[in-house]
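Before any comments, here is the structure.
All of the numbers you see were taken from the coordinates with simple rules; none came from a lab. What you see is a predicted model, and the numbers here were worked out from it, not measured in a lab. In this analysis, Cβ positions are derived from the backbone assuming ideal geometry, glycine residues included, and neighbour counts consider all displayed protein chains.
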Amino acid sequence: MKVNKLILNTVAFCSICILGVTCGSASAQLPKDRIFGFWGLGALSIPEYDGANDADIVPLVIGRIQRNQYYLEVQGLTTRVNVSRVQGIEFGPMFGFRFARDEDLDNETIAMFEEIDSTIEAGAFINFLFQGIFSDSDQVSFSLDILTDTSDAHDGTIAELNSTYSYMSGERLRVSASLILEYGNDEFTDTYFSVSEQNSIVSGLPRYEAEEGFNRLSATLFANYMLNQQWSVMGLAGYQRLLGDAADSPIVDIEGDENQMLFGAGIAYHF
């Protein structure tokens with residue numbers, strides 16, 4: 001697969017949480033035990049792998065099915081299930097899929113690297129919601145995601161800290177801003193940002209050993225405009241800065257860019 005889906009997961013997570021705020025706010029006005037939610041389709045322009053200069057256009061599928069406090073969310077390549085019954089606190093299992101990084105890349109140098117297999121990651125999340133901070137229609141959320149490789153693709157673990165502020169502008173437009181800080185352990189960071197002796201020989205890049213640490217800070221602005229009670233249009237723009245050993249890697253410093261831009265748009269159906 002040509003596209004590295006870590007960035008796609010990040011954007012999907014931002015957009016689904018923001019759009020989920022809209023559903024969550026509306027749920028208080030719905031009859032108890034009613035099933036509600038949304039499905040959305042869109043397209044994203046993202047770097048083809050972590051730190052790449054080249055961009056790809058990829059599809060985005062997001063959605064939520066909710067009953068009372070419980071919900072199932074599809075977030076691009078990530079799925080979350082909230083099992084909490086406590087108002088304002090969400091937690092539960094989550095699963096993610098990460099595509100391979102192989103020879104199907106526009107960057108011919110990185111395409112010569114040893115292939116990193118696709119993998120399924122499993123873990124958990126917790127999300128704290130606070131309503132009515134500055135107005136009756138705004139919300140702040142703070143969340144932590146932890147995912148671990150279930151195969152031998154990278155054998156690592158990543159953690160994401162996310163904070164989101166969302167508010168209604170008028171009766172139809174909801175605007176949200178999100179910040180995400182990502183941490184990768186030694187195994188994860190070594191897999192995706194180190195340059196092994198073999199990769200150095202075939203690519204000409206210097207050897208490099210990346211170690212654990214905070215490797216990414218992301219900021220995303222999202223808007224969702226309700227056309228009517230069933231349909232809405234959404235758009236997002238994001239900036240990501242690679243940090244620490246990830247930013248210093250020859251994969252990024254020589255062949256790519258530590259500054260990453262993200263753009264997307266789509267449509268959603270609410271039920």
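Just a few scattered comments:
- For the chain, Kirkwood radius (reciprocal of mean inverse C-alpha pair distance, Å): 19.1 Å
- Most mobile listed residue (I158, I180, I254) in the chain, GNM with C-alpha springs under 10 Å: I254
- Computed [θ] at 222 nm, deg cm²/dmol, the chain (DSSP H ≥ 4; -39,500 (n - 2.57); rounded to nearest 500): -5000 deg cm²/dmol
- Helix 6-27 and the longest principal axis of the C-alpha atoms of the chain enclose an angle of approximately 10°.
- With neighbours defined as other Cβ atoms within 10 Å of a residue's Cβ, the residues T157, T220 order from fewest to most as T157, T220.
- Dipole magnitude for the range 6-270: computed about the Cα centre from +1 point charges on Lys and Arg Cβ and -1 point charges on Asp and Glu Cβ, it is near 2280 debye.
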